[in-house]
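A short write-up of the structure that comes next.
The values are calculated or read from the model by the stated rules, or taken from the named source; none is laboratory data. Note that this is a predicted model, so its numbers are computed, not measured. Cβ sites come from the backbone with ideal geometry, for glycine too, and all protein chains shown count toward neighbours. The protein model used for the area step is the full one, side chains on, heavy atoms only, and it has no ligands, DNA or RNA in it. Shrake-Rupley method; radii C 1.70, N 1.55, O 1.52, S 1.80 Å.
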Amino acid sequence: MEELYAKFVSEKISKTRWRPVPPGSLQTAETFATGSWDNEENHVSLWSIGDFGNPDSDGSLEGDHRLLCDIKHHGDVMDLQFFDQERIVAASSTGCVTIFLHHPNNQTLSVSQQWTTAHYHTGPGSPSYCSAPCTGVVCDNPEIVTVGEDGRINLFRADHKEAVRTIDNADSSTLHAVTFLRTPEILTVNSIGQLKIWDFRQQGNEPSQILSLTGDRVPLHCVDRHPNQQHVVATGGQDGMLSIWDVRQGTMPVSLLKAHEAEMWEVHFHPSNPDHLFTCSEDGSLWHWDASTDVPEKSSLFHQGGRTSTFLSHGINHQANAHQSLTSSWLSTDPAKDRIEITSLLPSRTLSVNTLDVLGPCLVCGTDAEAIYVTRQLFS
Amino acid sequence: MECALVLWCLGGHLGKLVRVSKNYRSVIRACMEEMHQTTIAANDPASGRQFSSQVSILSVMELIWNLCEILFIEVAPAGPLLLLLLDWVRLHVCEVDTLSADVLGSENPSKHEGFWKLVTVLVLQGRLDEARQVLSKEADANPPSAGMCRVLGDLMRTMPILSPGNTQTLTELELRWQHWHEECGRHLQDGTFASSPPLESLCKVMLGDEAALLAHKDLLSNWYHFLVTRLLYSNPTVKPIDLHFYAQSSLDLFLGGESSPEPLDNILMAAFEFDIHQVIKECSIALSNWWFVAHLTDLLDHCRLLQSHNLYFGSNMREFLLLEYASGLFAHHSLWQLGVDYFDCCPELGRASLELHIERIPLNTEQKALKVLRVCEQRQMTEQVRSICKILAMKAVRNNRLGSALSWSIRARDAAFATLVSDRFLRDYCERGCFSDLDLIDNLGPAMMLSDRLTFLGKYREFHRLYGEKRFVEAASLLLSLMTSQIAPRSFWMTLLTDALPLLEQKQVIFSAEQTYELMRCLEDLTSGRPARAEPDAQRLEEDDVETTKVEMLRLALARNLARAIVREGSLGGS
């Protein structure tokens, strides 16, 4: 994986997301959005890596990303998602959820809709109104689900002023992230190490299922669902551990992989190559986990100091990589049989890598060192 | 716009340090460039002016840094010293290129009004090859003066300079230069250039004539340019220690008593005098933020130039400046993460300062709190971890987020706070008769061991679950163990005994005789421990009434159960 372009942008980046390409189109990702945090004035910005210069001699597109437009955002950008081609949903540390609309003809962003009191500790009615940060947002046009530090889950619909459904006190601790499982079901992770599945078809305020680790209740910070197998979910925890869960079976994770040395902020399955997983962490590294089976025989030694390391997951059985069924590369019951190749993608340790996103051959990530890194050749 | 740099902590190799210094300078230049772009793109004149003043400050910073690099870090000896100083001057006087483009791009360069100006500027900067080429245009265009131009051109070509790869010694160079200087003088005396005043003036410049140089004050534009040109043409093998004589006289001659030295002049003069502390002191006064002095001092400290100076409050100058700079970073809303790295590089007071600063960072989201905690944990600052977690846990309790509160107390391994959270749960139970946040209590896991109260909470909830599942015998023994093992708070015993009541009243005998004796002992402990109330008032009497009724009912139930248990155990042979 080569050609990582870095750009220093004078604000710490908390979230970055690729704009989705229209389904069925052959385009690669060209535009991404970023959100900043910890500034007095934060911004949601749109960047382009499209062809705006001369392609160099061998035809590859040159140059790093440039800013298209940005807009002020009140509070830290805690989460960001593209709702559709033109709209971006941003979750704020003030408890507000905003939909921004991008106008491509004059390259500006404007606020399209806002729910200002989506998350709060004490409600807007009472005199001691205290808002709570909204920590996660996920969209599935036309629905938007948000979760926050107040343990509340909101279901919004674009163009509806009030929330369609709110589950108060869904959790007694902070909900850190949310993802859709199947469309009426969502999965949340919280700061006492539990995964909870909620079904919006049911009326009550109880989760339909709770999964957790039996060991220490390590807070979980991020979650992502396998693109094809909707029952496979990956989570990242405060101790940097990556866990793979099968929500159909049991309440325990299928595998636990010791990964980073500090909080894992985001985990993403690659949307079109789900044998590849990406994680980024507070320890300043971004890892690419490759569980695809066409990896040639590698030695089972852990290469120290190198950028690539072959890592044996939970289990100590040095057997050769045998034939493997197509569906279970992450759920393999004998983790020792799989060699997961792990590559660290950033050239040197920086401050925390807060966010990453992958689409096709392109990867973008943002760090606390005020830098955005982009590569267009992830699988070179 | 801030340029955020991480401190380079290095070992002492000189070449590395020069590279580091050049890195710093290139970053300053990059900032200048970006700020220049912003100035151009600025919408209103006020911010445009602000940006361009920033650009000039950065340019001055780079000027000073460059000089310090030449004199203190590279420690150029006589010979190379002048070449480096020439580069320094050339880097900071940029009008030459535009002028050159103007003149040479025109149709008839030698007739251009800026022609002689260009040639003079090139000579003043020691760019003799270029000057010669430009001069040849005049020779081409004006045949009568071709001869003179050729002579001057030859003089320019033959001026001895120290080239980098040259192996000649300094004395050789001096000798050759002396010869060349005399040749120039001869031409001047012979009147070779008498018919062309510009050429004659150029010859005088090349002889290092001060009056001739001062005549071109406007082209020189500042005294340090004057200094370097003067050195080039009068003493090219100047030794570093002699610099300050020339510097002082150049400054005086250039200013000519018309104006007084500005802060920048003082700084540069201090540098030429090799008085590092004065340089730093003047820079601290003149520049408004600590970035420049902190980083320059650190670099000079790595060159071991600052060892001798100790300040009154125990730390040395480098550390003092770094601490000032890092404290400034902590005052900024987002640059605190960089401040941490700077404090790490201060061996004496860094850690203490960091401990003080890190607790005062405003934490408005959990994510920021986690980052701060991670910084503390990496440096084993357990006190700070504990205090920050306590603040967050208190906030969570106030917002009724008991799960969050518990998770913070687990992180800090704070048993006292875990006890507080459990008391809160138990109080809620007493008030409402049911548990809130069952998802938390049911799934405590090993965290239960953090505090006795928490363990009790978990076990008590388990008791309720067992009761709900009708596993009475297990529930009963759990209840008993809760009381006898002393983890139940005394205030809760009454509640526990009251919970035992339905078990005692069941059709089948659940508590064995032994267990019943235990229960009775607990009850007696509880009732005997309560002293007689001193002033009975109406409400107290009522409470007492309720209490006494409860106690009575318990005693009755226990007695009945005891009876049944003894009978059952006796008749079935002790089963």
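Checking each residue in segment A:97-128 for being outside any strand (DSSP E or B) and touching a strand residue (DSSP E or B) at 6+ places or on another chain (Cβ under 6 Å) picks out A:Gln107, A:Ala118, A:His119, A:Ser128.
Suppose we keep only residues that are of a type in the set (S, T, N, Q) and away from chain A (no Cβ under 14 Å) within segment B:373-407. Which one would you say is farthest from A:Ser191 (Cα to Cα)? The selected residue is B:Gln380. Restricted to segment B:42-118, the set of helices (runs of 4 or more DSSP H) holding at least 2 residues that are touching a helix residue (DSSP H, G or I) at 6+ places or on another chain (Cβ under 9 Å) and under 30 Å from B:Glu174 (Cα atoms) comprises B:45-68, B:80-92. When restricted to residues that are within 21 Å of A:Val138 (Cα to Cα) and within 14 Å of another protein chain (Cβ to nearest Cβ), segment A:5-34 contains 3. For segment B:230-265, filtered to residues that are within 41 Å of the chain's Cα centre (by Cα) and of a type in the set (S, T, N, Q), the residue that is surrounded by the most Cβ atoms within 10 Å (Cβ to Cβ) is B:Ser250.
Taking B:Leu480 as the residue in question, decide whether it is more than 29 Å from A:Asp168 (Cβ to Cβ) and crowded, with 17+ Cβ neighbours inside 10 Å. Judged against the criteria, B:Leu480 is a match.
Taken over segment B:192-222, the residue count meeting the criterion of being of a type in the set (Gly, Ala, Ser), under 18 Å from B:Leu128 (Cβ atoms) and open to solvent by 30 Å² or more (accessible area, probe 1.4 Å) is 1.
Screening A:Trp198 with (1) within 14 Å of chain B (Cβ to nearest Cβ); (2) out of contact with any Ser or Thr (no Cβ under 9 Å at 6 or more places or on another chain); (3) among the hydrophobic types (A, V, I, L, M, F, W, C) gives one miss only, at (2).
All of (1) within 11 Å of chain A (Cβ to nearest Cβ); (2) at pLDDT below 85 hold for B:Arg427 with one exception: (1). Screening the candidates B:Glu183, B:Glu172, B:Glu113, B:Glu210 for the property of being acidic (Asp, Glu), in contact (Cβ under 8 Å) with a residue 40 or more places away in the chain and at negative phi yields one hit, B:Glu210. In segment B:355-380, how many are over 20 Å from B:Phe417 (Cα atoms), assigned to a loop (DSSP other than H, G, I, E, B) and among the acidic types (Asp, Glu)? The total comes to 0. Go through segment A:222-243 and count every residue that is out of contact with any His (no Cβ under 7 Å at 6 or more places or on another chain) and of a type in the set (Gly, Ala, Ser). Residues flagged as out of contact with any His (no Cβ under 7 Å at 6 or more places or on another chain) and of a type in the set (Gly, Ala, Ser) within segment A:222-243 amount to 2.
Could you tell me how many of the residues in segment A:350-380 are charged (D, E, K, R) and within 12 Å of another protein chain (Cβ to nearest Cβ)? Within segment A:350-380, residues that are charged (D, E, K, R) and within 12 Å of another protein chain (Cβ to nearest Cβ) number 2. Out of the residues in segment B:408-424 that are more than 14 Å from every other protein chain (Cβ to nearest Cβ) and charged (D, E, K, R), which is farthest from A:Arg217 (Cα to Cα)? Among those residues, the one meeting the criterion is B:Asp423. Only one entry of B:Lys470, B:Lys459 meets the criterion of being assigned to a loop (DSSP other than H, G, I, E, B), open to solvent by 50 Å² or more (accessible area, probe 1.4 Å), more than 14 Å from chain A (Cβ to nearest Cβ) and closer than 29 Å to B:Thr516 by Cβ, and that entry is B:Lys470.
Listed here are the residues, each with its yes/no results for (1) within 29 Å of B:Leu373 (Cβ to Cβ); (2) more than 13 Å from chain B (Cβ to nearest Cβ).
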{"site": "A:Glu206", "(1), (2)": "no, no"}
{"site": "A:Thr214", "(1), (2)": "yes, no"}
{"site": "A:Val223", "(1), (2)": "yes, yes"}
{"site": "A:Val254", "(1), (2)": "no, yes"}
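Filtered by the rule that a residue be over 20 Å from B:Leu296 (Cα atoms), open to solvent by less than 10 Å² (accessible area, probe 1.4 Å) and more than 14 Å from chain A (Cβ to nearest Cβ), segment B:336-362 gives B:Leu354, B:Ile358. If I filter segment A:106-137 down to residues being of a type in the set (Phe, Trp, Tyr) and at pLDDT 90 or above, which single residue comes out as least open to solvent (accessible area, probe 1.4 Å)? Looking at the filtered set, the residue picked out is A:Trp115. The sole residue among B:Leu251, B:Leu305 that is within 24 Å of B:Val121 (Cα to Cα) and either at pLDDT below 90 or not in a helix (DSSP H, G or I) (or both) is B:Leu251. Filtered by the rule that a residue be more than 16 Å from A:Thr16 (Cβ to Cβ) and either at pLDDT 90 or above or in contact with a Lys or Arg (Cβ under 6 Å, 6 or more places away or on another chain) (or both), segment A:55-78 gives A:Lys72, A:His74, A:Gly75. Scanning segment A:16-42 for residues that are in contact (Cβ under 8 Å) with a residue 12 or more places away in the chain, among the polar types (S, T, N, Q) and open to solvent by less than 50 Å² (accessible area, probe 1.4 Å) yields A:Thr16, A:Thr31, A:Thr34, A:Ser36, A:Asn39, A:Asn42. Would you confirm whether any residue within segment A:151-172 is closer than 25 Å to A:Trp37 by Cβ and among the aromatic types (Phe, Trp, Tyr)? Scanning segment A:151-172, I find at least one residue that is closer than 25 Å to A:Trp37 by Cβ and among the aromatic types (Phe, Trp, Tyr), so the answer is yes.
Looking at B:Leu370, is it more than 28 Å from the chain's Cα centre (by Cα), among the hydrophobic types (A, V, I, L, M, F, W, C) and within 7 Å of chain A (Cβ to nearest Cβ)? Judged against the criteria, B:Leu370 is not a match.
Among the residues of segment A:158-168, the one identified as more than 24 Å from the chain's Cα centre (by Cα) and within 14 Å of chain B (Cβ to nearest Cβ) is A:Asp168.
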